[in-house]
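One structure is given below, encoded as structure tokens.
The values are calculated or read from the model by the stated rules, or taken from the named source; none is laboratory data. Please read all numbers here as calculations on a predicted model, not as lab measurements. As a convention, Cβ positions derive from the backbone with ideal geometry for all residues, glycine included, and neighbour counts pool all protein chains shown. Keep in mind that these areas ignore ligands, DNA and RNA; they rest on the heavy atoms of the full protein, side chains included. Shrake-Rupley method; radii C 1.70, N 1.55, O 1.52, S 1.80 Å.
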Amino acid sequence: MKKIGVITGGGDSPGINAAIRAIVKRANLDGIDILGFKDGWAGLIKNDWQELGLKEVSGVLPSGGTLLGSSRTNPFKTEEGVSKVKETYKKNGLDALIAIGGDDTLGVAHKLKDYGIKAVGIPQTIDNDLAETEFAIGFDSALARVTEAIDGLHTTAYSHHRVMVVEVMGRDSGWIGLFGGLAGGADIILVPEEPYTIKEIKKRIEERRAKGKNFSIVVISEGAKPIELDQQITKGTEADEFGHVRLSGIGHYLADQLREILNMDVRVTRLAYLQRGGQATPFDRLLATRFGVLAAELCINGDFDEMTALKASKVVPVELEKVLSKSPKPIDKKLLDLRKIFY
Ligand code: F6P
């Protein structure tokens, strides 16, 4: 093992740079060179990279975003894309690739096995929807943002006796909505895993008012579905290279309905990209550091087509095939039902 390429793909999140730093530091101990490819898989298609040595990763531990840049480029979109990736891999004398990202990015890494490319994955997504790992890098930082926002919304909601609808990310998964809502003490939490009815929300808000609570916080995941619509609300129809259409607007959809049936002021906050921005939490820095070291060691030991995972507080390798076939990671019913104890 002499040379490893690193790529970061998909939606960014805080903690990626900590993982890159850990890969570089661990590889350096064995005299291995690291090449950082720019802007996700696009960097391998275009042979666009930079050397990553100790100097390049100095000071990046807490920083958000990805120093390599990211994109949602899918090399399998065209025949030419995959052959370019293969060509770049060979031309640069790479012995392995470490891909940091969510299901799309790691799905590509897994498929590249059939093209003679040896890869290891590191889970990174604020959505936390990758199976076989308790947490992905970025989720904890996103949770911190969501919790802080809900804390803030509480004070203005009670002053103005308002219903505050908070739309959070997560794509088809409710991990951010559920955990963020629970941590922030939201009064209603709506996630894609369980379609909701407007009636149940009205009932809950009225019950609170009857108890003298003149405000309510409703957390809704961007992918949540009202029963009557039975579909997600999207922004336009254009899909990215992995076939995803941008989700957005369910918060306003719900608020409009609530205004019609409640005699209360309703306001909407979309946390959007603030959930992915800024510095990484200590938990994410540590997780990324442990994942980065393990990923480098998997390459050194010749264990490919694996992903680093957190299981019962230990970092362990899991088969990428298994991860991808079980993702998106379902939310346990017991966890979902936790919401009802606090309603
Ligand atoms: O997968 C991470 C994520 O932030 C999702 O929660 C969200 O739906 C999506 O990315 C947004 O994608 P984009 O950055 O392409 O707008």
Problem set entry | Rounded to 5, percent antiparallel among DSSP beta bridges of the chain | 25 percent
Exercise. How compact and how long is the range 139-276, expressed as Rg and Dmax of its alpha-carbon atoms in Å?
Worked result: 14.4, 50
Exercise. Between Val163, Gly69, Gly223, whose Cα lies farthest towards the positive end of the dipole of the chain when Lys and Arg beta carbons carry +1 and Asp and Glu beta carbons carry -1, centred on the Cα centre?
Worked result: Val163
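For a quick protection proxy, order the peptides 302-308, 213-219, 270-276 by their average other-Cβ count within 10 Å, most packed first.
Numbers: 302-308: 20.3, 213-219: 22.4, 270-276: 17.7.
Output ranking for 302-308, 213-219, 270-276: 213-219, 302-308, 270-276.
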Problem set entry | Length released on extending from Phe283 to Lys213, taking residue separation times 0.36 nm less the Cα-Cα span | 21.7 nm
Problem set entry | Added length on full extension, which subtracts the Cα-Cα distance from 0.36 nm per residue, His252 to Asn47 | 69.5 nm
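Measure up Lys199/Lys235; Lys203/Lys225; Lys118/Lys329; Lys77/Lys326; Lys3/Lys322 against 20 Å on the Cα-Cα distance and list the ones that go over.
Numbers: Lys199/Lys235 26 Å; Lys203/Lys225 18 Å; Lys118/Lys329 25 Å; Lys77/Lys326 23 Å; Lys3/Lys322 27 Å.
Violating the 20 Å Cα-Cα cut-off are Lys199/Lys235; Lys118/Lys329; Lys77/Lys326; Lys3/Lys322.
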For this session: Go through the range 87-100 residue by residue and turn each phi into a ³J(HN,Hα) via Karplus (6.51, -1.76, 1.60, θ = phi - 60°); whole Hz please, and just put x for glycine and proline.
Result: 4, 4, 4, 6, 4, 8, x, 6, 9, 6, 10, 10, 9, 10
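Relative contact order (percent) for the range 71-174, with alpha-carbon contacts under 8 angstrom and 6 or more residues of separation? Each step should come with its number before you reach the end.
Values: 92 pairs, mean separation 19.1, N = 104.
Contact order relative to length: 18 percent.
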Exercise. Which of the chymotrypsin sites (Phe, Trp or Tyr not before Pro) across the range 1-79 are loop residues per DSSP, with 12 or fewer other Cβ within 10 Å?
Worked result: none
For this session: Mind pulling the angle between the C-alpha long axis of helix 175-184 and the longest principal axis of the chain? Nearest 10 degrees, somewhere in 0 to 90.
Result: 50 degrees
Seminar exercise, completed: Averaged per residue, the 1.4 Å probe accessible area of the chain, protein heavy atoms only, in Å², is roughly 43 Å²
Exercise. With charges set only on the Cβ (+1 for Lys and Arg, -1 for Asp and Glu), what does the dipole of the range 139-276 come to about its Cα centre, in debye to the nearest 20?
Worked result: 580 debye
For this session: Provide, for q = 0.16, 0.18, 0.22 Å⁻¹, the log10 of I(q)/I(0) from a solvent-free Debye sum over equal Cα point scatterers in the range 215-279.
Result: -0.65, -0.79, -1.05
Problem set entry | Local electrostatic count at Leu54 - Lys and Arg +1, Asp and Glu -1, tallied over other residues with Cβ under 10 Å | +2
For this session: Check cross-link reach from Lys25 to the aspartates and glutamates: straight Cα distance under 17 Å, and skip same-chain residues fewer than eight apart.
Result: Asp33, Glu51, Glu56, Glu297
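With an 8 Å cut-off on Cα pairs and a minimum separation of 6 or more residues, tell me the relative contact order of the chain in percent. Numbers along the way, then the final one.
Details: 800 pairs, mean separation 78.5, N = 343.
With pairs under 8 Å counted, the relative contact order is 23 percent.
Where does each of 175-187, 154-166 land if you order them by average Cβ count within 10 Å, highest first? Before the final figure, lay out the partial values.
Values: 175-187: 23.8, 154-166: 18.0.
Top of the packing list down: 175-187, 154-166.
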Exercise. For the chain, what is the calculated [θ] at 222 nm in deg cm²/dmol (nearest 500), taking -39500 (n - 2.57) for each run of four or more DSSP H residues and dividing by its residue count?
Worked result: -12000 deg cm²/dmol
Problem set entry | On Cα atoms only, tilt of 16-29 relative to the major axis of the chain in degrees | 30 degrees
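Explain nothing, just the number: relative contact order of the range 139-276, from Cα pairs under 8 Å at least 6 residues apart, as a whole percent.
Values: 270 pairs, mean separation 44.7, N = 138.
Dividing the mean separation by the residue count of the range 139-276 yields 32 percent.
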Problem set entry | Whole-percent carbon and sulfur share, accessible surface of the chain, 1.4 Å | 50 percent
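Based on the Cα gyration tensor of the chain, what are the three equivalent ellipsoid semi-axes, each the root of five times an eigenvalue, rounded to whole Å and given largest first?
Ellipsoid semi-axes (Å, largest first): 40, 20, 16.
Taking the Cα centre of the chain as origin, sum charge times position over the Cβ atoms of Lys and Arg (+1) and Asp and Glu (-1), and report the length of that vector in debye to the nearest 20. Could you put the intermediate results ahead of the total?
Details: 46 positive and 47 negative charges, 136 e Å.
Here the size comes out at about 660 debye.
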Exercise. Length gain on complete extension for the stretch Asn92 to Lys340, per 0.36 nm per residue less the alpha carbon to alpha carbon distance?
Worked result: 83.8 nm
For this session: Return one number: the angle in degrees, 0 to 90 and rounded to the nearest 10, between the long axis of the Cα atoms of helix 198-210 and the longest principal axis of the Cα atoms of the chain.
Result: 60 degrees
